[in-house]
1. Considering the options Gly50, Leu118, Gly167, tell which one lies farthest towards the positive end of the dipole of the chain, charges being +1 on Lys and Arg and -1 on Asp and Glu at the Cβ, about the Cα centre.
2. In the chain, what % of DSSP beta bridges are antiparallel (nearest 5)?
3. Looking at Pro73, Ala216, Ile9, which one has the Cα that reaches farthest to the positive end of the dipole of the chain (charges on Cβ: Lys, Arg +1; Asp, Glu -1)?
4. Give the range of the longest stretch in the chain that excludes all GluC sites (Glu not before Pro) found in loop regions by DSSP and having at most 13 other beta-carbon atoms within 10 Å.
5. Restricting attention to the stretch 82-182, which trypsin sites (Lys or Arg not before Pro) occupy a DSSP loop and are surrounded by at most 16 other Cβ atoms within 10 Å?
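Derivation of every value follows stated rules applied to the coordinates shown; laboratory data play no part. Note that the structure is predicted; figures quoted are calculated from it, not measured. Cβ atoms come from the backbone with ideal geometry, glycine included; neighbour counts cover every protein chain shown.
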Amino acid sequence: MTGTRAVAIDGPSGAGKSTVGHALARRIDATFIDTGLMYRALTLAAVERGVDVEDGAALGALAGRCQVAVERPAPDQRDRLETVMLDGRDVTRDVRRPRIDRAVSAVSRHAEVRAAMLGVQREAARRGDAVMVGRDIGTVVLPDASLKVYLTADAQTRALRRAVEMGRPERYEEYLDEIRRRDDADSGREVAPLRQADDALVLDTARLNVDECVDAIVARLEEIGA
């Protein structure tokens, strides 16, 4: 990255990337970019249009036809950190549905899909200071980021967070199973697998709250002069 400051935040599903990333972006006056929502929007488009989530070529072509955008929420949208648009339609709630949870890993593992999204993600980071979150930001999308951060937490903590977020405490065990399957799929895929960058700052969000994570990241930015 040249001329701008980029913080890459990676980690498994439910580790708090969006919450910490958004808080950090506000603290350092940067643009917040959640790449996972881009893949969720594409997954929703595939499900709605009957595109096979195992067909990489068809998904890559679909990615080229869809208009996916992640925007700052309107002042009255206090129930979200960002608004997800698919072909001009607000799909913020739709992309969080269980059916999308189960399919997004299959969609995002295809080389054709990753290639279609890569240029869009890098261009977004070049527009100014950015905090970008995902699963391969520090390792693939922004390997020259000013700072790489890896957030982690045990699966039980992440499942409980999801149950609270969705207002469905009775589905805790189901969320736990989904998270474990998602972890295996994300870390085991051949294209851009989830892994910690060698030079990443590692933070355990089961032990640190949001403010403590942001404080640690800001301290490291100041330490390296970024």
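1. Positive-most Cα among the choices belongs to Gly50.
2. Details: 6 of 23 bridges.
The antiparallel fraction comes to roughly 25 percent.
3. Of the options given, the answer is Pro73.
4. Values: sites that count: Glu54, Glu190.
By the stated rule (loop sites, at most 13 other Cβ atoms within 10 Å), 55-189.
5. Details: sites: Arg89, Arg93, Arg96, Arg99, Arg102, Arg109, Arg114, Arg122, Arg126, Arg127, Arg135, Lys148, Arg158, Arg161, Arg162, Arg171, Arg180, Arg181, Arg182; in loops: Arg93, Arg109, Arg127, Arg135.
Here the sparse-neighbourhood loop sites are Arg93, Arg127.
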